[in-house]
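The values are calculated or read from the model by the stated rules, or taken from the named source; none is laboratory data. Model, not experiment: these values are computed from the prediction. Please note: Cβ atoms are built from the backbone with ideal geometry, for glycine as well, and neighbour counts cover all protein chains shown.
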Amino acid sequence: MPNPHAKHSICLTFDDGPDPEYTPQLLDILDRYNAKATFFVLGEAAEAYPHLVQRIIAAGHSLGNHSHRHNHPWAMSYDRAQREVSVASRILKEITGVTPHWFRPPFGRLRTAMQRQAQSEKMTTVLWSRSVIDWGVLGTKAGIARRLARVNPGEIVLLHDAKRTSNNPGYTCECLPEFLRSLAQRGLSARNLDEVF
C-alpha cells in the first residue's frame with residue numbers, strides 16, 4: 001500500500017546493471033539532486049562489480065533482483081527459471097548481507113516459475129507504469145527527454161544503467177539532470193521503492 005507521500009514522488013528504477021561506466025555516473029547525478037532510486041541488478045553483474053552494489057546501498061538507494069543472466073523467462077526450463085532468481089538473490093545477499101525485497105523479471109515477462117521463486121524468497125514482483133524507452137531505435141536523446149517530461153506523480157519509471165545489447169544509458173545520463181531539476185520545480189521528489197511502498 002503506497003504511503004501518503006506517494007502522490008508527491010516518482011520512483012526511478014534502473015535495470016541491467018551494475019555497469020562500471022554508467023552506474024557510477026547515474027549515482028553521481030542522483031546524489032547531486034538528492035534523488036533516490038531502485039536498481040534492479042543482474043546477479044552476474046553484481047558478482048563482477050560488488051563494489052558498485054555496495055555503493056548503491058551506501059547512497060540510500062534500494063536494490064532489486066533482476067535475475068542472474070537476463071535470459072528470456074520463456075526460453076528456459078522451469079527449474080532453470082527458478083535458479084535464475086535464487087542465484088541472483090544469493091549473490092546479492094553475499095554482497096549486502098540482505099535478501100532483496102523486490103524482483104523484476106527480465107524483459108518484464110511474468111513467468112510463474114520466477115514469480116513463485118520470488119514469492120518464496122519474500123520478494124515483491126514490480127514492473128513499471130512508464131518506460132522511458134532508453135533502448136533501441138526509439139532510445140534517442142530527444143525521445144528519452146520527451147518521455148521523461150511526461151512522467152506523472154506516483155509513477156514507477158523504467159530506465160537502464162547498463163549498455164547490454166541495445167540500451168542507451170549514455171543518453172539517460174545526459175537527460176536525467178534536467179528531469180530531476182524539473183521535478184523539484186513541480187514540488188516532486190524521486191524516491192526508492194522502499195520509501196514509497
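A few remarks follow.
- Condition check for residue 190: in contact (Cβ under 8 Å) with a residue 12 or more places away in the chain, touching a Pro at 6+ places or on another chain (Cβ under 9 Å) and closer than 27 Å to residue 20 by Cβ: no
- Selected residue (criterion: surrounded by the most Cβ atoms within 10 Å (Cβ to Cβ)) from residues of region 116-157 that are among the small types (Gly, Ala, Ser) and farther than 27 Å from residue 181 by Cα: 118
- Pairs are defined by a Cβ separation below 7 Å, a sequence spacing of at least 6 or placement on different chains, a first member in region 122-144 that is in a loop (DSSP other than H, G, I, E, B), and a second member that is acidic (Asp, Glu); the pairs so defined are 129/155.
- Residue 176 surrounded by 18 or more Cβ atoms within 10 Å (Cβ to Cβ), farther than 17 Å from residue 64 by Cβ, modelled with pLDDT of 95 or more and touching a helix residue (DSSP H, G or I) at 6+ places or on another chain (Cβ under 8 Å): yes
- Candidates 63, 12, 27, 42, filtered to the one that is touching a helix residue (DSSP H, G or I) at 6+ places or on another chain (Cβ under 9 Å), free of Cβ contacts under 8 Å to residues at least 40 places away in the same chain and buried (at least 23 other Cβ atoms within 10 Å of the Cβ): 63
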